[in-house]
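A quick write-up on the structure given underneath.
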Amino acid sequence: MSGFVFFLIPLALAATLIFLAIGIYSLAKGGAFAKENSNKMMRLRVTAQAVAIALMALFLILIGKGPGG
C-alpha cells in the first residue's frame, strides 16, 4: 500500500505545480481568461496541495507501521 501512495505523491505535486503555473501565467497575461479562471486555478492549486500533503502524511503513517514499528 505504501508503494502505491509513494507513486501518487509525485502526481499530486505535479498537479499542484501545473495549477500554480497556469494561475500565475493567467494573472500575468491578464484578459478575459484571467478574469474568469484565476480564482478557480488558485482553488484547484490549494486542493491539489492539500491532497499532496495528505498523501505524504499517509505515506509516513504507513511506513511507520512496518515491521518492528
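Computed from the coordinates by the stated procedures, all read-outs in this text should not be read as laboratory data. Keep in mind that what you see is a predicted model, and the values were worked out from it rather than measured. All Cβ positions, even for glycine, are placed from backbone atoms using ideal geometry, and neighbour counts span all protein chains on display.
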Expected 222 nm ellipticity per residue - DSSP helices of 4 or more, -39500 (n - 2.57), all of the chain, to 500: -32500 deg cm²/dmol
Inter-label distance, nm, simple model (7 Å from Cα along the C-beta direction), Ala50/Lys29: 2.7
Degrees, to the nearest 10: 2-29 long Cα axis against longest axis of the chain: 10
Column: log10 I(q)/I(0), Debye, Cα scatterers of region 3-69, q = 0.15, 0.22, 0.29 Å⁻¹: -0.55, -0.83, -1.11
Using alpha-carbon coordinates, inclination of helix 31-64 to the longest axis of the chain, degrees: 10
